[in-house]
Amino acid sequence: MTSQEENFMRKIEADEKIEPKDWMPEAYRKNLIRQMSQHAHSEVIGMQPEGNWITRAPSLRRKAVLLSKVQDEAGHGLYLYSATETLGISRAELIAALQSGEAKYASIFNYPTLTWGDVGAIGWLVDGAAIVNQVSLQRTSYGPYSRGMIRICKEESFHQRQGYEALLALAKGSPEQKQMAQDSLNRFYWPALMMFGPHDSESAHSAKSMEWKIKRETNDDLRQKFIDQTVPQIEVLGLEHPDKEIKWNEERGHYDAGEIDWDEFYSVINGNGHCNRQRVEHHIAAHDEGTWVRDAITAYNEKKNAKKAQ
Ligand code: FAQ
């Protein structure tokens with residue numbers, strides 16, 4: 001080990017943060033760029049399923065709340081892109097990787113939002129799963145990522161509560177509304193569990209990411225936390241649990257759960273989900289439409305800098 005490597009590992013072991021100007025192994029930098037950019041892409045692509053319901057929200061209050069929630073997700077994407085850029089990669093390169101399919105984003109956003117209930121289910125389950133993961137990432141070893149997570153978690157917990165409250169209103173409503181809530185729970189529960197990634201035994205990046213403290217808890221441990229916290233929430237809603245095998249295990253102090261359909265998971269992350277093509281095409285169209293804005297900002301900055309240089 002070189003003295004640089006030793007110093008890096010000493011900091012990791014002492015739980016000190018690694019900052020952009022510090023020396024870091026190339027593989028650490030690359031792994032962070034991969035994970036952080038995919039996280040940023042998830043926030044941005046994640047605006048589409050809920051954005052689909054802004055014009056059809058059932059009341060002005062729900063519309064205002066959803067609009068600001070979706071805007072928050074855009075903000076999260078921007079913090080995360082900025083944090084990723086501190087690793088020496090440009091925003092344009094990151095966006096190109098998303099649009100070419102080289103970089104992934106969370107599989108959950110390739111499922112369609114068919115009813116208003118789905119908007120509640122996303123806030124509750126998708127933001128809920130994201131929080132479980134992100135709370136753990138607040139302690140990640142890379143300084144800018146860790147600080148970004150602290151702020152994002154504060155906003156995300158509001159999102160989770162608004163989703164749960166929207167679903168509670170449906171669950172306590174007419175029989176048709178209750179059925180809508182149940183149907184949304186049934187469709188989003190399993191994809192939410194998939195957000196934590198493959199089993200630890202199948203996870204390509206986990207071992208190294210745990211050693212470098214990029215990840216602080218494993219995919220399966222985080223998924224178990226989410227499974228455990230969701231059971232009483234479903235009970236309060238008065239809905240049926242979508243997992244018929246869910247059962248409290250006294251010995252483990254956790255719920256035992258049924259197996260995820262991993263064929264579905266791999267099919268969706270390999271581009272064959274319901275909405276993969278639509279999501280990326282929409283991103284490309286929106287990005288192209290915004291070209292004139294980026295050109296105008298660049299021209300303005302060039303003019304300002306030229307004036308400064310005079
Ligand atoms: N979807 O070796 P691992 C949000 C890929 S934020 C798609 O276990 P890793 C907010 C993985 O990338 C949600 N791909 O990988 C919101 C890798 O592929 P690669 C996003 C997945 O990185 C709410 C391969 O499988 N949160 O939702 C998925 O160690 C509502 C092997 O897997 C984050 O990104 C998946 N579910 O662990 C916004 C959190 N799972 O890169 C709008 C940060 C795995 O080799 C509305 N990320 N893959 O081609 C992480 O914690 C980790 O990256 C994991 C995956 C846990 C997601």
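What follows draws every value from the coordinates through simple rules; no lab data is involved. This one's a predicted model, so the numbers in the text were calculated from it and none came from an experiment. A quick note on method: Cβ atoms are made from the backbone with ideal geometry, for glycine too, and the neighbour counts reach across all protein chains shown.
Multiply the residue separation of Leu114 and Ser90 by 0.36 nm, subtract the distance between their alpha-carbon atoms, and state the gained length in nm to one decimal.
On the way: separation 24, 0.36 × 24 = 8.64 nm, distance 3.58 nm.
Gain on stretching Leu114 to Ser90: 5.1 nm.
Could you tell me the distance between the Cα centroids of segment 123-156 and segment 262-287, to the nearest Å?
Taking the Cα centre of segment 262-287 as reference, the centre of segment 123-156 is 24 Å away.
Sort out for me the Cα centre separation of segment 192-250 from segment 6-69, rounded to whole Å.
19 Å
Can you compute the FRET efficiency between Trp292 and Asn52 using 1/(1 + (r/R0)^6), with r the Cβ-Cβ distance and R0 = 30 Å? Round to the nearest 0.05.
Working: r = 25 Å, r/R0 = 0.84.
In this case the efficiency is close to 0.75.
Determine the equivalent ellipsoid of segment 50-150 by diagonalising the alpha-carbon gyration tensor, then write out the semi-axes as square roots of 5 times the eigenvalues, largest first, rounded to whole Å.
Working: eigenvalues 149, 56, 35 Å².
Listed largest to smallest, the semi-axes of segment 50-150 are 27, 17, 13 Å.
Report the one residue of Thr113, Ala309, Asn219 whose Cα lies farthest in the direction of the positive end of the charge dipole of the chain (charges on C-beta: Lys and Arg +1, Asp and Glu -1; origin at the Cα centre).
Ala309
With +1 assigned to the C-beta of every Lys and Arg and -1 to the C-beta of every Asp and Glu, and no other charges, what is the dipole magnitude of segment 65-176 about the Cα centre in debye, to the nearest 20?
Values: 9 positive and 11 negative charges, 68 e Å.
Value, rounded to 20: 320 debye.
Could you tell me, in Å, what Rg and Dmax come out for the Cα atoms of segment 169-290?
That works out to 17.9, 57 Å for Rg and Dmax.
Pull out a ≥ b ≥ c, the square roots of the eigenvalues of the alpha-carbon gyration tensor of the chain, then state rounded if a/c is under 1.5, prolate if not and a/b is larger than b/c, and oblate in the remaining case. If you can, show how the numbers build up before the last one.
Values: a/c = 2.02, a/b = 1.24, b/c = 1.62.
Oblate shape, in that a/c is at least 1.5 and b/c is the bigger or equal ratio.
Calculate for the chain the 222 nm mean residue ellipticity that helices alone would give, adding -39,500 (n - 2.57) per DSSP H run of length 4 or more and normalising by residue count, nearest 500 deg cm²/dmol.
Values: 14 runs with 202 residues, N = 310.
Only helices count here, giving -21000 deg cm²/dmol.
Given Cα pairs under 8 Å that are at least 6 residues apart, what percent is the relative contact order of segment 46-118?
Values: 31 pairs, mean separation 29.5, N = 73.
Worked out over segment 46-118, it gives 40 percent.
Does segment 227-266 come out rounded, prolate or oblate by the C-alpha gyration tensor, with a ≥ b ≥ c the root eigenvalues, rounded set by a/c under 1.5 and, if not, prolate when a/b is larger than b/c and oblate if not?
On the way: a/c = 2.41, a/b = 1.27, b/c = 1.91.
Note, shape of segment 227-266 comes out oblate.
Please give the peptides 137-147, 240-250 ranked by average Cβ packing (other Cβ atoms within 10 Å per residue), highest first, as a rough proxy for protection. Provide the component values of the computation, followed by the final result.
Numbers: 137-147: 20.4, 240-250: 12.4.
Output ranking for 137-147, 240-250: 137-147, 240-250.
Between Asp228 and Met1, what FRET efficiency comes out of the Förster formula 1/(1 + (r/R0)^6) with R0 = 25 Å and r the beta carbon distance, rounded to 0.05? If you can, show how the numbers build up before the last one.
Working: r = 40 Å, r/R0 = 1.60.
With a Förster radius of 25 Å, E is 0.05.
When the label point is put 7 Å from the Cα of Met9 along its Cα-to-beta-carbon vector, which residues of segment 23-49 have a backbone N closer than 18 Å?
Once the point is set 7 Å along Cα→Cβ of Met9, 23-29 turn out to lie under 18 Å by backbone N, inside segment 23-49.
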